[in-house]
Amino acid sequence: MTSVAVAIPRSGRTRRVLPGFGLTMGLTLSYVGIIVLLPVLALVLKGAEIGPVRYWEIVTSPRTLAALRLTVTAAAIATLFNAAYGLLMAWVLTRYCFPGRRLLDAMMDIPFALPTAVAGLSLTALFSANGWYGSILAPAGISVVYTIWGVAIAMSFTSVPFVVRTVQPILEDLDPAVEEAARSLGASPFTIFRRVIFPAIQPAFLVGATIAFARSLGEFGAVIFIAGNLPMKTEIASLLAMIRLEEYDYNGAAAIALTLMLIALILLALSNWLQSRMQRKGGVT
Amino acid sequence: MKPAVVPGALAPREKQTASRLLIGLAVAVTAVIIVVPLIYIFWRALADGFGVFAQNILDPNTLHAVWLTALVALITVPVNIVIGLAAAWLIARFTFPGRKLLLTVIELPFSISPIIAGVCYLLLYGRQGLLGPMLADADIQILFALPGIVLVTLFVTAPFVTREVLPLMQAQGSEQEQAALTLGASGFQIFRLVTLPNIRWALVYGAVLASARAIGEFGAVSVVSGSIRGQTNTLPLQIELLFNDLNIVGAFAAASTLTLLALVTMLIKTLVEGRTKSD
């Protein structure tokens, strides 16, 4: 018994007390190696094989550039919408009590639960000229399907929950005393929001918006239904990568995929950095 | 003064008009962008009556897609559970160099868009790919067949179980397991009698999320499956195929089954959350 007590010091050396280290390490590493790392390695190796000169030629070709530009612009529009909508929803869901609040809260999970192809199909049919929304918008001369707006709408649908779900817990945990202090000092509701509440939720808000942007850049299923996929006009980057594959142009596909993965990893690093800053801030207050 | 625990308790009277306005706006926008698209799926699926709906669902190709989708989920979810638990145990219960890096790699699939995942798999197993010539010599078909669909689905669902179980295991600490160990329990006994009861609802939730994703995955599967009608078409791909065939009602019929599944997923989530809170 004493030997067990010795083997459990306060820190550092608890590592081999419980059984299963070898088994779980073996399982996890082989899974991660075969399922995650090996395929990613294949893409990176392909990128190395292409070389920087050829890579640059592919990425700066007019069709690729147009696809990248459309993807980034539409994702930016979607993120702006979701930033505003997400903030509104997080606020309404945490601050007000009204009938149907829990249902409204549950609705925020629909975009994650619904397969993207289903969302794309429904939005496309709704916004097409004879759909419920399209028939209202068409007389006003607004067309959504087969335009960048359609792409942006599909992207914003699938990334709705990110801002809401990151800001919501912070708003819930916010100490009401600070707001009451501000109010008792005569601050207007708008001033309280700008000077007291927003600084507290800003890191979470930025994390949510960053992830939403990253997700929008990579969205495929919902977008291809509504986009119409006209080359140079409404063709998103990931679809172009897929078209290149179907043409057996593996270099072209790999170059576009690498570019998208690089952007995604930069955004991941950014959101991790924001998150660690958020935790440091949270530790102080 | 009473502490404000009830949402809304903070809103003073002068803000009531503002609050009504904000609630109204939130409800209206949510209705337009989420609720109506959801209802519209069932509306269109049943637009031509239940007979046509049933006929669309019972179409042999759609039925085959349902079967293939279920098969993929039945293979991938158990693998996800085993590996997810192993990874959570490894990361929560041991310290070793590279632990954080390992967690980052496990979560990597969440940051890589499904299409890129598909491209990666094609570059690995495709005819011109890294392992392609080797597989061709051994006459093993991975792409455009079930193994490819399963592998790429394992990629996109890899983080779900670990992500739900790990925080709970870390928060609970290993005192109970160490106590069981000193009492002479074997590793498997410790896991089954001590760890599992503590994490079961998180495990259920992780598995539900993984199966929902496995069933609904579109982008990654569409790259590696080749979308062969009646052979390698999963249900989400079948929706696209019917849509491109201009069989919109058929597409909506297939979509409505996936929507029902999504709603069930959400229901389980609500139930599990209630359980974990009462635990």
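The values are calculated or read from the model by the stated rules, or taken from the named source; none is laboratory data. The structure displayed is predicted, hence computed values, not measured ones. Don't worry about glycine lacking a Cβ; one is built from the backbone with ideal geometry, like all the others, and counts go over all protein chains shown.
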query: Among A:Leu45, A:Leu38, A:Leu68, which is the only one that is in a helix (DSSP H, G or I), closer than 13 Å to A:Asn251 by Cα and within 14 Å of chain B (Cβ to nearest Cβ)?
result: A:Leu45
task: Just one of (1) within 10 Å of chain A (Cβ to nearest Cβ); (2) within 27 Å of A:Thr158 (Cα to Cα); (3) of a type in the set (Val, Ile, Thr) trips up B:Val204, so point out which.
output: (1)
- request: May I ask you to list the residues in the range B:207-254 that are in a helix (DSSP H, G or I) and within 22 Å of A:Leu217 (Cβ to Cβ)?
  value: B:Arg213, B:Gly216, B:Gly219, B:Ala220, B:Val221, B:Ser222, B:Val223, B:Val224, B:Pro236, B:Glu240
Of residues in the range A:230-241 being crowded, with 18+ Cβ neighbours inside 10 Å and more than 17 Å from B:Pro114 (Cβ to Cβ), the one nearest to the other protein chains (Cβ to nearest Cβ): A:Glu235
message: Looking only at residues that are more than 7 Å from chain A (Cβ to nearest Cβ) and part of a helix (DSSP H, G or I) in the range B:83-101, which one is nearest to B:Ala214 (Cα to Cα)?
response: B:Gly84
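Looking only at the range A:50-68, count every residue that is surrounded by 12 or more Cβ atoms within 10 Å (Cβ to Cβ) and free of Cβ contacts under 8 Å to residues at least 12 places away in the same chain and tell me the total.
4
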- prompt: Restricting attention to the range B:163-188, which residues are at the interface with another protein chain (Cβ under 10 Å from one of its Cβ atoms) and assigned to a helix (DSSP H, G or I)?
  reply: B:Glu175, B:Glu177, B:Gln178, B:Ala180, B:Leu181, B:Thr182, B:Gly187, B:Phe188
message: If B:Ile34 meets every condition in (1) facing chain A (nearest Cβ under 9 Å); (2) at pLDDT 95 or above; (3) crowded, with 24+ Cβ neighbours inside 10 Å; (4) under 30 Å from B:Asn247 (Cα atoms) apart from one, which number is that one?
response: (3)
Selected residue (only one of A:Arg277, A:Arg244 is within 10 Å of chain B (Cβ to nearest Cβ), farther than 30 Å from B:Ile33 by Cβ and either among the basic types (Lys, Arg) or touching a strand residue (DSSP E or B) at 6+ places or on another chain (Cβ under 6 Å) (or both)): A:Arg244
- line: Restricting the range B:127-158 to residues that are outside any helix (DSSP H, G or I) and facing another protein chain (nearest Cβ under 7 Å), the one nearest to B:Asn80 (Cα to Cα) turns out to be B:Ala158
field: Restricting the range A:93-107 to residues that are at the interface with chain B (Cβ under 8 Å from one of its Cβ atoms) and in a loop (DSSP other than H, G, I, E, B), the residue that is surrounded by the most Cβ atoms within 10 Å (Cβ to Cβ)
entry: A:Tyr96
message: If I go through the range A:174-192 residue by residue, how many of them are assigned to a helix (DSSP H, G or I) and in contact with a helix residue (DSSP H, G or I) (Cβ under 9 Å, 6 or more places away or on another chain)?
response: 8
- line: Flagged in the range B:183-239 as over 30 Å from A:Asp109 (Cα atoms), of a type in the set (A, V, I, L, M, F, W, C) and without any contact (Cβ under 8 Å) to a residue 24 or more places away in the chain, in numbering order, are B:Leu183, B:Ala185, B:Phe188, B:Ile190, B:Leu193, B:Val194
message: Give all pairs with beta carbons closer than 7 Å in which a residue from the range A:203-223 that is at pLDDT below 95 meets a residue that is among the charged types (D, E, K, R) and assigned to a helix (DSSP H, G or I); count only pairs at least 6 apart in sequence or on separate chains.
response: A:Pro203/A:Arg277; A:Pro203/A:Lys281
